[in-house]
Structure formats: structure tokens, C-alpha cells
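First comes the structure, then the notes that go with it.
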Amino acid sequence: MLVLLPLILLTLGALAPLFLGRQARAIRLVSLVFSALALVAAVVGIAQAPQQVNLPWLPALGLSLSLQLDGLSMFLVALTALATLAVVAFSDETERPAGYYSLILLMAATAVGTFLSTNLLVFYVFWELMIIPGYLLIGTYGQGPDSRRAALKFLVYSLVPSAFLLVAIVTLAVAAAPAIGHLSFNLDQLLAVHLPAATQNWIFLLFAASFMVKVPIWPLHAWMPDAYGESRPQVAAMLSGVLSKTGLYALIRFAFPLLPEAARLFAPALAVIALISILYGAWIALTHRDGRMVIAYSSLSHLGLVFLGVVALNALGLDGAVLQMLNHGIYAVALFLLFGMVEEAAGTRLLAKLGGVAGRAALFAGFLWITVLAALGLPGLNGFAGEFLLLLGIFRTSQVWAWIAIAAVIFSAAYFIRLFQLTAQGATEVELIRPLRLSPIRFAVLVPFVVLMVYIGFAPAQVTSRVQPVAQSIARLEARAALTQPVGNYSWEASRQ
Amino acid sequence: MNLPLIVPPQVAFSLISPDLALLVTSVVILAVALFLAPEQGIRWLAWLAAAGILVAAGSDVILLLGSQLPATTFSGSLVMDPLAEVLDLVILAAALLAVLLAANRPEASPDYLALTLWSAIGMMVLVSAHDLIVLFLAVEVLSLPLYILCAFRPDRPTSLEAAVKYFLLGAFSSGFLLYGLALLFGVSGGTNLTQVAAALATVGSASLFGHGAIGTALIAEVGIGLVVVGLGFKLAAVPFHQWVPDVYEGAPTSVVTFMSVGTKVAAFGVLARLVDTVFVGSAVDWQGLLSALAVATILAGAVLAIPQQNFKRLLGYSGILNAGYLVAVLVVGSQAATAAGVYFLVTYALMNLGAFAVISAVSGGEMEGVMIRRYRGLFYQQPWTAVAMAVFLLSLASIPPLAGFFGKLFILQALISGHQLVLALTVVAGTAITLIVYGRPLLAMFSPPDPDSPPLPKMPMAVATAIGCLAVAVVAVGLVPGAIVGLVHGVSQIGPLSGISGR
Amino acid sequence: MTLPTVDFLVVSALLFAIGAVGVMVRKNPLIMFMAIELMWNAVNLSLVAFARQFQAISGHIFVFVVVVAAAAEVAIGLIIIVLVFRHRDQADVDTLNAMKG
């Protein structure tokens, strides 16, 4: 039951605003309470994991509500709850509050659902459902003039691959059905089946394309600048902090273990894509004039590194990937929210027009400074631990990849320091429309972020030791793939009488 | 001179009790209307029609739960099996909603109610038809009232335009259907589907009536092709799809509500029966034809829907698209595939009826009310109407876990199990495009409201109840798909749904 | 001497084709409707020829049913077309273009 609790709490939190009409304060408070409760449930879940539930849903289709809380998912669930809490605390929507807070919590609930599901179809349910709140939040609560176009772009990029994902999932189940004995979408049962390479390959491509769009990874990132740029900073924080993790998580949980041979086959190509992502993101982040875009493209680069760690296909890389996903979630959410406050206070997000925030609001600048340091990978803070582990894993697979990736890490120090300098320091004294004051709630919410940055920085083993068993079992699957004989030959041309 | 003995056909009236209930109701309505002043008492007549439909549905359920099925009657020209009864229920649901929607509208009149019931009878007979003549007759009984119903708002030029277009294309396509039926008769020498199936199973290179140039196989193939194309008109499939958007836009919303579901159900039912009893065993390549039709229909419906600004037109193209899915699933030709199609139809009926009910309620009979821009800010004016509409649209776009998703899932599974890659990919491509199509009204509903737009009309209680029930049903069927699988499981006569589970 | 059945079928097919082409090229709904009637009656010819070939009474019954249905179709179709004539000076399907898309 503990597994379901964050999911249930967030769903209830999403439904509650519909009954509260236009009372903005009450709605915000209710959302805060529900996301805080979900966070508590998720933290208790980390202590109690691993746990799982299996509720029958549609037995005729091998469909059961299988949710699992293990080393891979528990930190991401907690991250989602924490991010939601922060996003709600940093929002003050008064015009149309019911829709806004409801959609934010719905997005969180569906993301938690994708992290927990171990049934492919249940996963798909949450995966598809997750698109809708994103679409509506970008489209109807957007900031920029082009928010509708940005929403449409987000929709197209998310939906088209995920429609084909359904074909891939069903084909996988149908192909595995003879070996299992009945149609099943359960991960445990599907993992035991070894499909022939020809079937694996195209299923893997459909899986990978769909998951990589969500991260996003170059060249499937075209929706990202519009969606992150046209939406509110709080929504961008949600997209970057939580939604991007679902894509990486799905790759680790489903695509690579289920289709190990295809994964090995495509790994080099994916690594090249990851490297391009890392360098391209870093380059744009270094040169962009728009502060929020710097954060957005830094995400492209950092998550590209995580992707590279996954593609390295060893336990160390996977371990580092999960750790770094958690880390990125923590500092990306904080960065988007803090910079969002600067944007709102200054009325602009062009770096050239910002500056001197540190002199006006020292406490605020202090939070921003720690976050930036964590993001650029200062030893002792969480970003460093994750990157270090990732690079170790990548080294084991290929030294060339690792050296290129290290270059990107150096870049990241450069663009984050530039972001901080142009915002907080510098000669230009920005004229503030609104004071940059952290309310008690916002302050209270930021504290755990800073604590986590420091704590994970000093004791990353608290996370990695729990991820390790899962990472090792996935890595073993990849290694075993080459040894066993495939069964369940499935091709389109066959057996058409 | 010896007169041949006339043997009266064996008729089991209990088997056609739903049809009889509608017939009696319609006659009673017309008779009572003679004694009522016009404009007066129409609501009572509408309730009477609704009661008659409920009685028909009740006797349908009794048949479904009883042990009489499957059975044939009228000398084997009508088949009453679970497939027919389940589809009958869907048709009756559509008729019920049409009557409820029309009750407060200018188009409401005794003739309107009677025509709707007659058309429903035609649809119900069509899904039971097991004879070429009955099949043709049922198509006509179904269509003729609809031609009139389309023209039921003669004050609006669009209504007449819709009627003319529907009538001309309908009669045109009936010609094709009729020619196809005649050719099937010519190959087999009998009109019962059993005879036709037996003849088609043996067609080969043998020439027709000793004439060298024309082979029976060719005649059979042309016949099947013409029948499929002719029925495709009712299903709203390419190439006879052009009427759909115009009729959906021009005809009264209550009529469109009824025909969008009813004709689709009826045409799918008869096509499924033909596939199951005649095509599958025949020596004719029917799969290629259906595949081509399905691909063309799906792509046309999806792509043409993108630029639509009128909600009814948009749903018209969506109807074409969904017709494509139904044709696609028939290609597989297995009983599991038919069951998947039935499941899809049931879910489609729920969400499509719901969407039309909302359109009818929001427009209040005005032409401007059916434009998508009218839906801006609906969530902030009538939040629950907007939530219900969002449920219907998301379900139509097959977003899980709503009813439409499982309908699509079963279709995909049937196609993939039947090794139909191209069709499976076309189906998901269509799905991907539709969400983009439905995304626009969805966004509009949750956008800030337009300050200039007039206030929304008040919603009649019956319509609000219907919308609420349909929305709950769409969600419930999605969350507990097992419940309706159990209902459709009764379709085991033509396709056991257990077959859906992969083997 | 009797005519072979196939001859009737060929004539019927030709009539059907003429009707179908007529529907597609003509613009006046009345003429289009006449062409449709031609198609239906071409089918009737086929049905009668088949019925004679098989000595099957069902074919003749089929023809009667078609004739009755066609009569109903005429009644309804003419009403609709006349209504259109009443609303406009001329009836031409090309001018029926209030709805597009």
C-alpha cells in the first residue's frame, strides 16, 4: 500500500481544486498539503523499499496494476514529490487557480505512475496521460506570445513517437506470448523471454525514440526551447526536473533490459548522439542571451551525459545515471524556480539586462550561488558525485567518450558561472519591479534542497548503495544476452495464410 | 392447375420483440399526435418514444441473457445472435440520446420521433440480416428516414444542402451495393447467406454459365468489392466519405448524433457478418480490398480533420477515421478481431454520443455555437461540462485509461496478432494525428474565456444527466475494462473475446 | 433461339456504367437522380437474367423489392430536391456550396 500512497495523494491533490472554485489561497494550500504528504510518503517509502503491489486489472489481457518501489524508482518518486512541493510553493496563480494547481499535481501523479509501473501497459497509460497536463500547462498558462504553438510542438513531439510506442509494446507482448504461455505485459515475465535480434531491433528503436524525446536528447529536442521558453518558470521546472527523468528512467527500466541485444547493437550510435547532445547543449548554454535558455540547454547537456552513462551499459554507469538524475532534478528545479523569481522581479530574462541581484537580496543570492555550484559539479556538492560516477562508468566502456564528456563538464562550469555573474553580480543594477524576497514557505522549501545538495555531495553512497543491486541485475541482463538462444520468432510477413 | 402449397414462414415473434416494440411505439406516437395540437405535448411524445426505446432495450437484454440465442427466424433470413443483440443495444442508445436531445429543439415533432424509430428498426434488422434481399431492404429502411431527417430544419439552407448531398450519394452508393448483391446472387443462385457462402467457397476459374470470357471468380470478386464499397458509404469509409462533413455540419445535431453512431454500428455489423460467414471461407482475395480501403479511410479522415474550425465537421472527419479502424480490424477476419471491433464500437458510441450531446447543449441550436472558438473558457463557465467534454475528446484520441484507449488497444492487438503491420502502423499514425486535432478544442476549453462571447444556454436536465452518465461510463469502462469485456464476451457466437488474449 | 444469360449481363453492366457516369458528370440533381434510377434498373435487368438462369423465384422477388424501394426513394428524393428548387432559382449541385472544408 505504501507504494501507492504518493500516487494516490497526488491524484487526490489534483482532484481537490476542482471542488474549490476560485479560492486561490485555499487551492494553493491544499496543493501544498497534498504534495507535502506525498513527499512524506515517498521518504517513508525509501526507508521501507523494496516493496511492490500487484492488483489484477484485466486478466484477459495479462494486465495487472503492478507497481514497484525499488532502488531505481524510489528516489525519483521522492524527487517528484519534492519538486511538486517546491513548484507549488513558488507559484501564485490567482486568475485561474483550479486548473493550474490541478494540472501541476496531475503531471506529478502521472510521473510517479511511470516511475512505479512494472507492467508495460500500465506504464504506457501513465506515459500518455502525462502529456495532457504538460500540453495544457504550456498552452493555457503560458507566458510568451507563442505559447499555443509551443504547446502544439510539445504535443506533436510527445505524441507521435508514443503512438508508435504502443505498437512496439503490443508487438513485444504478442511476440513473447508463446514463450510465456499467455499474453502478458508484466516486466518480470517479459524479462525472462529472449526475443530474436530482428524483432528486438525495431522495437528498440521505437522505444528509444519515444523515450529520448521526453529527455530530450539531440536531435529530438526541438520542442524543448519553445516549451521551456514559452511556459512559466514553474512549469519549466516541472518539465525539466521531473518529466525529463521519466524518459531516462524508461530507458533504464524497460528499453535496455527488455531488448539487450538491440541495446548492444545501437549503443555506439546512441553514444554519438549523446555526445552531440552534451556538446551542443553546452555550446548553446555558453552563448545564449536568455537566462532561462541557459538553464534549459544546460539540462540538454547534463542529461546527455546521463544518457551516455546509460548507454555505457555497465553497472557503474547505470548507478551514476540514477544518482545524477536525482541530482539534476534537485538543482534544475531550484535553478528554474530561483531564476524564475529573478525574471518576475526584473521583468526580463535577458542576461544583459540583469545584474546586481546579490546586492539587493543577499539571502536569495546565497541560495542561487549554492545551486549553481552544485550544478557545475563542485566537489563536495551533489553534482560532482554524480558526474564522477558517470564518468567512471563511461571510462570502462570507452575512453574516447569519457574524454569528450569531461570537456563538457568544464564547459558547464563556464556557463553556470557566467549565468551567476550576469544575474547576481556585475555593474548593471537591475531595476526591480517586485522585491526579491523569499517568503517563509519558499524559504522552508528551499532548505531541503540545499541540505540534499550537501548531503548527497558528502554521502553519495546513501543513494548508490541502494541503486546498485538493480543496476547490477540490469547490467547482468545485458551481458547474458549474448549467451542464450532466442525464442518466439515474430515477423510481420510470416503466417499470413 | 396445381397451385403450389404456400408454407407460412416460421416466425418467432419473441426474437424480434425489440423491433416490434419500436414499431408499435412509432405508430402510437403518430396516432396520438393526431389528437394533439401542434407545439403541444411534444415533450410527452418524446418521453413516450424514450419509453418505447427502453422497452426495446429491455427485451434486447432479456434475449441476451436468455438461452434462445443464437437462433434464426423468418426462414433463415434473420439471425439473432449475441453480436446482433449487443449492436442493437448500441443503436438503441443512440436513438434514445437523439430523442432526448431533440425534445427541446425546433426539429421536435411526431414525425421526427417516428422517423428516428423507423431508421433504428432498419439498423437493427441490418445487423441481423442473413439474406441478400433482407440486407438490401434493411439498408433502405435505415436510409430513407435519415434522408428526411437531415432536411428537418428547412429554415436553414445548410440542412437542405446536407439532405441533397446525403440523398444523392446515398442512392448512388445503394446502386453499387445493389449491383454487388445481384452479382453475389448470380454466382450462387440463392439469396440466403449460407447459399452464397457455399457458392463462393467453390468459385474458381470456372466460367459463368458456360461463357468463356467471364469467370465466376471474377464475378464474385467484383460482387464482393461492390458490396463492400456500397456498405462503406454507410460506414463513412473512403471513397464515399465526402458526404460526412457536410451532413454532420448541416443536419440537426440530434440527427447527426443518431446517425453518426447508428449507421456505423449497422454497417459494421453487416460487414462483420459478411466477413465471418461469406468472405473468410471464399476463394476470393477480399483482404487486399479491405486493407486498401482502411488505409485510405484512416489517412483521409485524420489529415482532413486537422484544419477544421467547426466542431461538427471535425467530428465528421473523426467519424471517417474511426470507420477506417473498423474496416482495418475486419481485415484480420478472425473472431477475436470482430470482437475487438465490437468493443471498439461500444466505446466509440459512448464517447461520440457524449461529444455530440455536449455540442448540442453548448450550441443551443445556433449555427455559431458549433464553432470551436465558442468553446474558449468553457472550463471557467461550466466546469463540469468542460471536464466531461475533455473526457470524451481524450477518449476519442485514445488517451489511456479511458474507454477509447482499450478499444484501440484491442484493435491493435488483433492486427498485430494477425500479422498486419501496415494496418497497425496506419492505425497508430491516425491516432497520433487525432490527438493533435482534438488538442485544439481541448486547449480552447481551458483557455481564459472570451469576454465578448454570449452566455451559454441553460442545459436541460435530461441532457445534463445523459452527458454525466456517458462521461462516467467512458471513465468507468476505461478503469474497469473487464466489465464490458464480459458484456461483449457474449458475442462468442461470432467471436469469443477470450481469443483476444493472444492465442 | 434464346439469348444467352451473359448477353443480358453485358447490357446490364453497360447501362449501369452509363448511369454511374451520368451521376458523375451531370450537375442538375434531377438528372443525377434519373441516372441513379438507371443504375438501379440496370441491376434489375441482371437480377431477372440470373433468376431466369437459375429458375429461382427469389431473384424475381428481389426485383420487386428493388422496385418498391426505388419508388420510396423517388418519393423522398423528389421532395428534397423540390425543396431545394424552392429555396433557390436554380438547382445545380455546384451551387450547393454553403459548406466546405
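Note on the range B:193-217: residues that are in contact with a helix residue (DSSP H, G or I) (Cβ under 8 Å, 6 or more places away or on another chain) and at pLDDT 80 or above total 8. For the range A:480-491, the criterion of being at pLDDT below 80, surrounded by fewer than 19 Cβ atoms within 10 Å (Cβ to Cβ) and on the phi > 0 side of the Ramachandran plot is met by at least one residue. Taking the listed residues B:399, B:411, B:433, the one that is within 11 Å of another protein chain (Cβ to nearest Cβ), modelled with pLDDT of 75 or more and in a loop (DSSP other than H, G, I, E, B) is B:399, with no other qualifying. Within the range B:102-111, one or more residues are more than 13 Å from every other protein chain (Cβ to nearest Cβ) and either modelled with pLDDT of 90 or more or crowded, with 24+ Cβ neighbours inside 10 Å (or both).
Scanning the range B:283-317 for residues that are hydroxyl-bearing (Ser, Thr, Tyr) and surrounded by fewer than 23 Cβ atoms within 10 Å (Cβ to Cβ) yields a count of 1. The set of residues in the range A:351-382 being in a loop (DSSP other than H, G, I, E, B) and either aliphatic (A, V, I, L, M) or within 13 Å of residue A:419 (Cα to Cα) (or both) consists of A:354, A:355, A:356, A:361, A:378, A:381.
Okay, residues lined up against (1) assigned to a helix (DSSP H, G or I); (2) small (Gly, Ala, Ser):
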position: A:2; (1), (2): no, no
position: A:21; (1), (2): no, yes
position: A:38; (1), (2): yes, yes
position: A:47; (1), (2): yes, yes
position: A:54; (1), (2): no, no
position: A:68; (1), (2): no, no
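Scanning the range B:289-342 for residues that are within 14 Å of chain C (Cβ to nearest Cβ) and not in a helix (DSSP H, G or I) turns up B:306, B:307, B:308, B:309, B:310. Per the conditions (1) more than 16 Å from residue B:134 (Cβ to Cβ); (2) at pLDDT 85 or above, the sole criterion not satisfied by residue B:37 is (2). Look at residue A:144 and say whether it is more than 7 Å from every other protein chain (Cβ to nearest Cβ), at pLDDT below 90 and within 26 Å of residue A:97 (Cα to Cα). Spelling it out, residue A:144 is indeed more than 7 Å from every other protein chain (Cβ to nearest Cβ), at pLDDT below 90 and within 26 Å of residue A:97 (Cα to Cα).
No other residue among C:38, C:3, C:30 is outside any helix (DSSP H, G or I) and not aromatic (Phe, Trp, Tyr) apart from C:3. Of the residues A:46, A:27, the single one that is out of contact with any Gly (no Cβ under 8 Å at 6 or more places or on another chain) and surrounded by 20 or more Cβ atoms within 10 Å (Cβ to Cβ) is A:27.
Taking the range B:439-456 as the search range and keeping residues that are within 24 Å of residue B:316 (Cα to Cα) and more than 10 Å from chain A (Cβ to nearest Cβ), which one is surrounded by the fewest Cβ atoms within 10 Å (Cβ to Cβ)? Within the range B:439-456, the match that is surrounded by the fewest Cβ atoms within 10 Å (Cβ to Cβ) is B:456. In the range B:230-247, the residues that are assigned to a loop (DSSP other than H, G, I, E, B) reach residues that are surrounded by fewer than 23 Cβ atoms within 10 Å (Cβ to Cβ) and of a type in the set (Val, Ile, Thr) with C-beta atoms within less than 8 angstrom, at least six apart or across chains, in these pairs: B:239/B:229; B:240/B:229.
Each row is one residue, and each column tells you yes or no for (1) in contact with a His (Cβ under 9 Å, 6 or more places away or on another chain); (2) more than 11 Å from chain C (Cβ to nearest Cβ); (3) closer than 20 Å to residue B:50 by Cα.
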site	(1), (2), (3)
B:128	no, yes, no
B:133	no, no, no
B:140	no, no, no
B:145	no, no, yes
B:157	yes, no, no
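Scanning the range B:414-430 for residues that are surrounded by 24 or more Cβ atoms within 10 Å (Cβ to Cβ), more than 8 Å from chain A (Cβ to nearest Cβ) and either touching a Leu at 6+ places or on another chain (Cβ under 6 Å) or more than 18 Å from residue A:183 (Cβ to Cβ) (or both) yields B:415, B:423, B:427, B:430. Checking the structure you have, find out if any residue of the range A:33-46 is free of Cβ contacts under 8 Å to residues at least 40 places away in the same chain and within 14 Å of chain B (Cβ to nearest Cβ). For the range A:33-46, residues free of Cβ contacts under 8 Å to residues at least 40 places away in the same chain and within 14 Å of chain B (Cβ to nearest Cβ): absent. Being buried (at least 20 other Cβ atoms within 10 Å of the Cβ) and either more than 7 Å from chain B (Cβ to nearest Cβ) or at pLDDT below 95 (or both): is that true of residue C:20 here? No; evaluated as a whole, the condition is false for this residue. Of the numbered criteria (1) assigned to a helix (DSSP H, G or I); (2) more than 24 Å from residue A:74 (Cα to Cα), the one residue A:213 fails is (2).
The values are calculated or read from the model by the stated rules, or taken from the named source; none is laboratory data. This one's a predicted model, so the numbers in the text were calculated from it and none came from an experiment. Here Cβ is always computed from backbone atoms with ideal geometry, including for glycine, and neighbour counts include all displayed protein chains.
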